[in-house]
Structures are given as structure tokens and as C-alpha cells.
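Worksheet for the structure shown next.
The values are calculated or read from the model by the stated rules, or taken from the named source; none is laboratory data. Since this is a predicted model, take the numbers as computed values, not measurements. Virtual Cβ from ideal backbone geometry, glycine too; neighbours counted across all protein chains shown. Heads up: the accessible areas ignore ligands, DNA and RNA and are worked out on the full protein's heavy atoms, side chains in. Shrake-Rupley method; radii C 1.70, N 1.55, O 1.52, S 1.80 Å.
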Amino acid sequence: MLDRGRGWGTVTTIPFPDPPLADEAITLRTWADRDVGPAREATSDAEIVRFTRVPADQTADELRVWLLDRELARKAGETLSLAIADARDDTFLGTISLLRFDWGDRRCEVGYWLAPRGRGRGAATRAVVLLSRWALDELGLARLALCTDSDNAASQAVAERSGFVREGVRRSYEERDGQRYDIVVFSLVPDDLPGRLRTR
């Protein structure tokens, strides 16, 4: 558990889950250089291009720079990014992050995407369940948000299966490639999971 004493303010470093979060199907682990190739290939997938701001034409070196930036952001208390891997053979399946932290109000967002090979097996739901429960419990957060494109039915289903509660639609909230998009907002708070989390 992240011990902030009586005051929260700015957290200087977000710890990695220790031990790594896992179930019988997936593991959430730190990124490795072997993930760069499959991650670069996945970011050209039509669904990722459609629903995220992940660059579709980044090089391997650009992706490595992005990973270094994510580590600096983790040490600054801003982002925690993990790879989603197959629990059997450690194959890269996608990524999941905690981001947009507001430590003063003890909240952040959950974001994720899956490579095509990771879809259809419940990997996203498993990853969101594992990381969200850890974030509420071990980081002491009071609220997690999960935001999806209004046309992304699959991601909305992941949010609901993971226990997140739909709050509403932010109209014309996000701009991608010169177009405005509506975003559906979900949230998870400790009271949504009675008996699962420590009392704060």
C-alpha cells in the first residue's frame, strides 16, 4: 500500500505491483524490449487507429523512446504503464495504464488496448479487474475513471464486466484527426466493491 500519511499532494513515484498482478490467463508486467515488435505491429491495427490516439506509423525507436518516457512519468507519479501478457508463454497481448492522476483528489483513469491476438479471450476485462482493484487497494485511490469512444461497444462492455458504473456521455469531448468524438464515462469507487477493499 502506498503510504501517504495524512497528506497526499504529489506522489513522486508510482510503485510497480509486487508481486506482478496475474491470474490463470494473463500477467500484467513491466514492458520488455521483446514487446516493441509486436506492440508496433498492433498499433497499426484498424481498431486501435480508430479508437485511440496511438500513432499508427511509429518506428521501433520511437516506441522505445515512448517507453522511456512512460518510465519517467511513473517516477514523477503521473502514469503507470504495464504490458498485458499471456500467462502461459508470456506473449505480448496489449497494454494497460493508470494515467491522468490527481493525487490531491485521489483519482486517475484506466486506459488500455489489445493487439488482435489478445482479443476474444477476456484479456481486457481480466486486466482491468486486476489493475483497478490493486489501484484502489494498494494506491489508496478513491475513484477510477474509464473513458471510451461512444462507438466502441467492446470497450464499454469491458468496463461494465469489470464492475465500472456508467455515468454518462461527454459530448464532443475528444478530437482525433480533426474530428470531434463523444466519450462515454464509467467509474469505479471502493463502495462498488463491498468486502473487497480495505477501509480508508
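Among the candidates Leu141, Leu130, which residue alone is hydrophobic (A, V, I, L, M, F, W, C) and either open to solvent by 30 Å² or more (accessible area, probe 1.4 Å) or touching a residue at least 60 places away in the same chain (Cβ under 8 Å) (or both)? Steps first, please.
On the way: Leu141 fails: either open to solvent by 30 Å² or more (accessible area, probe 1.4 Å) or touching a residue at least 60 places away in the same chain (Cβ under 8 Å) (or both).
On inspection, the qualifying residue turns out to be Leu130.
Selection of first residues in the stretch 50-79 that are on the phi > 0 side of the Ramachandran plot and of second residues that are part of a loop (DSSP other than H, G, I, E, B) and surrounded by 13 or more Cβ atoms within 10 Å (Cβ to Cβ), restricted to Cβ pairs under 9 Å at least 6 apart or on distinct chains, gives the following pairs, ordered by first then second residue: Gly77/Val11; Gly77/Ile14; Gly77/Trp103.
The numbered conditions (1) within 17 Å of Leu130 (Cα to Cα); (2) assigned to a loop (DSSP other than H, G, I, E, B); (3) open to solvent by less than 60 Å² (accessible area, probe 1.4 Å) are all true for Pro19 except (3). Which one of these is touching a Lys or Arg at 6+ places or on another chain (Cβ under 8 Å) and surrounded by 20 or more Cβ atoms within 10 Å (Cβ to Cβ): Leu136, Leu93? When all the criteria are applied, what remains is Leu93.
How many residues does the stretch 147-172 hold that are on the phi > 0 side of the Ramachandran plot and part of a strand (DSSP E or B)?
The total comes to 2.
In the stretch 26-112, counting only strands (runs of 3 or more DSSP E) that sit wholly within it, the ones holding 1 or more residues that are within 16 Å of the chain's Cα centre (by Cα) and farther than 21 Å from Val158 by Cα span 92-102. Between Arg171, Arg100, Arg176, Arg121, the distinction of being loosely packed, with under 15 Cβ neighbours inside 10 Å, in contact (Cβ under 8 Å) with a residue 60 or more places away in the chain and touching a Lys or Arg at 6+ places or on another chain (Cβ under 9 Å) belongs to Arg176 only.
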